[in-house]
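Structure first, then comments.
The values are calculated or read from the model by the stated rules, or taken from the named source; none is laboratory data. Quantities reported herein were computed from a predicted structural model and do not represent experimental measurements. Here the Cβ is made from the backbone with ideal geometry for all residues, glycine too, and neighbour counts use every protein chain on show. Remember, those area values only see protein heavy atoms, side chains included, never the ligands or the DNA or RNA. Shrake-Rupley method; radii C 1.70, N 1.55, O 1.52, S 1.80 Å.
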Amino acid sequence: MLQYLVILLDDTSTSYCHYDNPKKEPRLIAIETLKAAIFFAMKENLQVQFVYPSYTLPQVYQELIESVSHSKIQPAFGKNMQAEVVVFNDWERLLGYQFLPDTAYILRTNKDDFFNKSQLIADILPQMARFNVIITDIETFDEEDMEDYLLVLQSLSNAMEKSYLQGKNIQFNLLTDRMMLDKMNNCDAGWRNITLAPNGKFYVCPAFYLSDEDNNVGDLQSGIYVPNAHLYQLEYAPICRQCDAFQCKRCIWLNKKTTLEVNTPSHEQCVIAHIERNASRMLLNRIRKQRDYLKGHEIKEITYLDPFEISKRF
């Protein structure tokens, strides 16, 4: 059941997930299309998320946006961005940035930069309430990368443990999300959220629009039609529905890109999610040795990193 409408305000609207945005030429959504999209969201009782480009919108757009309840996803192109989510696409902008307590921050980075610059994350984490790191080249991970990923998470766990023992309950997606979840908290693109592009057409998520504009699932005039819509639901994902890496975003676009099936994740996506899961378990146990925290939330010890190994036994 749809709950969210993601509206890309421009072709150059920032990416906030694994996909890159190759578009360089601005194409602002037509004001009439934006009005129709807002009306559609209100009629369908959908929560609206506006995704911004890295320039200031005309005043008439700003006023229209503020006429409806919404949240903003903006790239970090200025100081103290007034948005619910601010996205960094490079590490340099993190330096000296004044983080706000009511804002969630996202850093999109490739694996090599994450491995080599992770100390910067440890340094700035205490300044934020919520920080998400998105690895943009997950599909390229090999066994050595996975070992490096585990080592980096273990190092970042030290910084997180120190902050938690000081009473700072920072949320960091790679380490703390799994600690607080007791069920799947996936992206749910194509099921609970849908994207409207500047061309007035609907897409499963922004990545599907940016990779192929013809891959739409309807428009504002005819409505939404997602072929085989049931496949986007967790109960129709045979591997994911038996998994307890609840923090995994189960990225539909990555699934389609790497396995050609929207409901089947790649080996790399699964292993990375389980490395995060296990690191969260270790961090939670370490915190509990010195502080009463998250009673009732348990993360069981497991002997595998890819749930596909379990499914093969049956």
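Quick rundown of the values:
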| item | result |
| --- | --- |
| Residue match in the range 92-105 (condition: of a type in the set (D, E, K, R), open to solvent by 60 Å² or more (accessible area, probe 1.4 Å) and within 24 Å of K23 (Cα to Cα)) | yes |
| Some residue of the range 254-261 being at positive phi and within 17 Å of the chain's Cα centre (by Cα) | no |
| Condition check for S118: among the hydroxyl-bearing types (S, T, Y), without any contact (Cβ under 8 Å) to a residue 60 or more places away in the chain and either on the phi > 0 side of the Ramachandran plot or open to solvent by less than 70 Å² (accessible area, probe 1.4 Å) (or both) | yes |
| Residues satisfying the stated conditions in the range 182-227, i.e. in contact (Cβ under 8 Å) with a residue 12 or more places away in the chain and over 23 Å from L9 (Cβ atoms) | D182, K183, M184, N185, N186, W191 |
| Strands (runs of 3 or more DSSP E) contained entirely in the range 1-80, each with at least 2 residues that are buried (at least 20 other Cβ atoms within 10 Å of the Cβ), touching a residue at least 40 places away in the same chain (Cβ under 8 Å) and of a type in the set (V, I, T) | 4-8, 47-51 |
| Residue within the range 131-138 that is at pLDDT 95 or above and surrounded by fewer than 17 Cβ atoms within 10 Å (Cβ to Cβ) present | yes |
| For P126: the one exception among (1) under 25 Å from Y52 (Cα atoms); (2) touching a helix residue (DSSP H, G or I) at 6+ places or on another chain (Cβ under 7 Å); (3) open to solvent by 20 Å² or more (accessible area, probe 1.4 Å) | (1) |
| Pair list, Cβ < 8 Å and 6+ apart or interchain, from the range 272-291 residues that are open to solvent by 10 Å² or more (accessible area, probe 1.4 Å) to residues that are acidic (D, E) and outside any helix (DSSP H, G or I) | R281/E301 |
| Residue in the range 204-222 that is part of a strand (DSSP E or B) and surrounded by fewer than 18 Cβ atoms within 10 Å (Cβ to Cβ) present | yes |
| Hits in the range 305-314 (condition: open to solvent by less than 40 Å² (accessible area, probe 1.4 Å) and either touching an Asp or Glu at 6+ places or on another chain (Cβ under 9 Å) or modelled with pLDDT of 85 or more (or both)) | D306, P307 |
| K295, sole failed condition from (1) touching a residue at least 40 places away in the same chain (Cβ under 8 Å); (2) part of a loop (DSSP other than H, G, I, E, B); (3) open to solvent by 70 Å² or more (accessible area, probe 1.4 Å); (4) basic (K, R) | (1) |
